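Participant: Sharing a structure, written as structure tokens. Questions coming.
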Amino acid sequence: MIDFRYHLVSLIAVFLAVALGIVIGTTQLNGPLTTNLQSQVSGLQADKRALETQTQQLQSQLDAAGGFDEAVGPTLVAGTLTGRKVVLVIGSGDVPADVVEGVTALLGTAGATVTGSVRLTAAYSDPQSASGLQTYLTGPGMPPGLTLPETDDTGELVAAVLGQVLMLPGTASSGTGDGGTGGTGTGTGTGTGTAPSQSATSSVLAGLEQLDVLSSDTSSVSPADFAVVLTSGASTEPDAADRNAALLQLVTALDEHGSGVVVAGDVESLADGGLVAAVRADSTAPSSISTVDNVDTAAGRVSTVLALAAEGRGDSGAYGTGKNTQPVPPPVS
């Protein structure tokens, strides 16, 4: 008879055979698998080094191009805005200081006088601020001579008031240029009404500053012919569209009461929630509003100044690197 020890030895032999087969099979496969994996890793490392080299080369080319634009920018804009006045409106708090300083310096080189800089706060387009703004804008503290639109829309009311106190009425020369989405647009710059007094401008800005919806970056702010609205990035908040709508109302009012407006932002401002994208996409926005989508570069700052000069000739357009844009505004003819 086959006893238990026979079965036990047979089972042990089977397990040993299986284990031995696994060891032998693994040993035979390990060599080719390891070699293949090592080859793939070596290839990926080589690709990584090649991409790093290419990135360094492209960065060097960008730095060289930026240096060239920085060097020739003053020559390109010299005299293009002689005798004109420009006010800066900073529409978002994260606009880099070097962008503001760069645009300001080029405007001076172009012969323009920067009459001041106004910075909007997040509260400007916050619905929670509407009640306080309504009370102030429709109350007795407003300077005489300002015309309020017949509306309960707070954004439209404050935009109309700022348009009247920040802009000097004037008519840009007629002309046809590229519109906000690369199409044809005509610079209007109607600038209807009378020139605001310095006291009216100071009073309104002081009142709005008390409400924490804006602040003055300069010691004083005076009315100007043109406005540059600087922006950066894109809002990801649920109410981004409503906030941009309020800013678009302001841009429109500045354009209606003055001789021209340029909205200048970075490439991120082209994304959903960005002001440049909102201006270009809004079918109701006047075609006389120019946009620049690379103001964080030397070339974009040059385009911003040249776009203002084009606004003075009645030409408006979309400039930069985005879809349906021109690299730079057309030269002075």
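The values are calculated or read from the model by the stated rules, or taken from the named source; none is laboratory data. No experiment lies behind these values; they were computed from the predicted model shown. We place every Cβ from the backbone using ideal geometry, glycine too, and count neighbours over all the protein chains shown.
Participant: With respect to Gly233, is the statement that it is in the same structural domain as Glu156 (by TED's automatic domain parsing), under 19 Å from Asp296 (Cα atoms) and free of Cβ contacts under 8 Å to residues at least 40 places away in the same chain true?
Facilitator: Answer is no for this residue.
Participant: Let me ask another. Let me confirm something: among Ala130, Ala122, which residue is in contact with a Ser or Thr (Cβ under 6 Å, 6 or more places away or on another chain) and modelled with pLDDT under 95?
Facilitator: Of the residues listed, the single one that is in contact with a Ser or Thr (Cβ under 6 Å, 6 or more places away or on another chain) and modelled with pLDDT under 95 is Ala130.
Participant: Which members of region 206-253 meet the condition of being more than 18 Å from Ser117 (Cα to Cα) and in contact with a strand residue (DSSP E or B) (Cβ under 6 Å, 6 or more places away or on another chain)?
Facilitator: Ala234
Participant: Determine which single condition Pro144 fails, assuming it passes every other condition in (1) outside any loop (DSSP other than H, G, I, E, B); (2) loosely packed, with under 15 Cβ neighbours inside 10 Å.
Facilitator: It fails just one condition, (1).
Participant: If only one of Ser288, Ser283 is modelled with pLDDT under 95, surrounded by 24 or more Cβ atoms within 10 Å (Cβ to Cβ) and either touching a His at 6+ places or on another chain (Cβ under 8 Å) or over 17 Å from Gly320 (Cβ atoms) (or both), which one is it?
Facilitator: Ser288
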